[in-house]
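See structure below.
The values are calculated or read from the model by the stated rules, or taken from the named source; none is laboratory data. Given the structure is predicted, the values throughout are model-derived calculations rather than measurements. Positions of Cβ are generated from backbone atoms using ideal geometry, with glycine treated the same way; all protein chains shown enter the neighbour counts. The area values use the complete protein model at the heavy-atom level, side chains included, leaving out ligands, DNA and RNA. Shrake-Rupley method; radii C 1.70, N 1.55, O 1.52, S 1.80 Å.
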Amino acid sequence: MISRGERLANYVILSVFAAFALFPVLTILSAALGPDDAAGSAGQGLSIAGLHVGNFAEAWEVGRFGTYLRTSLAVSSFVVVVSVVLSIMSGYAFGTMRFRGQGVLFYLFLLGIMMPSEAIAVPLYFDLRSLGLIDTFWAVALPQVALSVAFGTFWMRAYFRTSSRAIVEAARIDGASTWRILWQVLVPPARPAVVTLTVLVFMWTWNEFLIPLIMVTSESLRTAPLGLAFFQGQYTSGFTLLAAGSVIVATPVVIFYLFLQRHFIRGLLQGAVRE
């Protein structure tokens, strides 16, 4: 049993780390709600109780974040759906089946985890250019699907390897097909692991910067992080509007995580880490 002193020490340590993690976030948020340092006037824009909330509207309009957020949402939605479905199927195959070349093929998948995107960006650009996909939606989405499926296969394989063999055998005795066993028997209990994978893939895809930077030139195909970088370099020299733009870009990820927080933590503790 943990003593009162040990519990107090744990709370103190956790509080210190929480303050250390939240300080940059609070700094950006306070800057976004402060007066526009580039405008030279503290009274510009909509102000409520001393908070300059008009900075967000100005950053939204000047930085054209509406277009960038729509592109990021479309790319992230596509990558999440395709990656999660493919990861479930490949993880099920590697976790429950035995076939020739399984080990070699699985380690080939692991190369996708170990290989950083920076190492393959240049050859990937020339490959996509030869296919006529440069400066298209697919040039941004497909490479991120490949990178996400590599991790997703490893994640779901670990979960399916710990699934109940008795339930699978009972379903087979009842005449259930392999497809039905996967989607109706194994996937429902795997919801925490699937939700955790969904959150991770969404966060990685939303925050991806290098692939959109290299693969697209059209402004309409810029994602939110890429748009924020151009906003910093072209539209404002002040920190206030840049901080407001950063908050705008980060808000969808925060909302998505908070909405699935319970399932995400449960998946980390009880899902695919059991092997």
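Some points to look at:
- Subset tally (residues that are over 18 Å from Pro212 (Cα atoms) and in contact with a Phe, Trp or Tyr (Cβ under 6 Å, 6 or more places away or on another chain)) for the range 66-112: 6
- The residue of the range 219-243 that is surrounded by the most Cβ atoms within 10 Å (Cβ to Cβ), among those that are part of a loop (DSSP other than H, G, I, E, B) and modelled with pLDDT of 90 or more, is Thr223.
- Among the numbered conditions (1) open to solvent by less than 40 Å² (accessible area, probe 1.4 Å); (2) among the hydrophobic types (A, V, I, L, M, F, W, C); (3) modelled with pLDDT under 85, the only one that Ile173 does not meet is (1).
- Phe151 vs. criteria at pLDDT below 90, aromatic (Phe, Trp, Tyr) and in contact with a helix residue (DSSP H, G or I) (Cβ under 8 Å, 6 or more places away or on another chain): no
- Condition met for Leu213 (without any contact (Cβ under 8 Å) to a residue 60 or more places away in the chain, within 30 Å of Ser117 (Cβ to Cβ) and assigned to a helix (DSSP H, G or I)): yes
- Yes/no for Pro143 being closer than 22 Å to Ala229 by Cβ and modelled with pLDDT under 90: no
- Flag if Leu86 is crowded, with 16+ Cβ neighbours inside 10 Å, in a helix (DSSP H, G or I) and touching a Gly at 6+ places or on another chain (Cβ under 9 Å): yes
- Complete set of residues in the range 138-177 that are closer than 30 Å to Glu118 by Cα and aromatic (Phe, Trp, Tyr): Trp138, Phe151, Phe154, Trp155, Tyr159
- For the range 149-160, a residue qualifies if it is out of contact with any Lys or Arg (no Cβ under 9 Å at 6 or more places or on another chain) and either of a type in the set (A, V, I, L, M, F, W, C) or open to solvent by 10 Å² or more (accessible area, probe 1.4 Å) (or both), and the qualifying residues are Val149, Ala150, Phe151, Phe154, Trp155, Met156, Arg157, Phe160.
- Within the range 89-108, the set of residues being free of Cβ contacts under 8 Å to residues at least 60 places away in the same chain and open to solvent by less than 60 Å² (accessible area, probe 1.4 Å) comprises Ala93, Gly101, Gln102, Gly103, Phe106.
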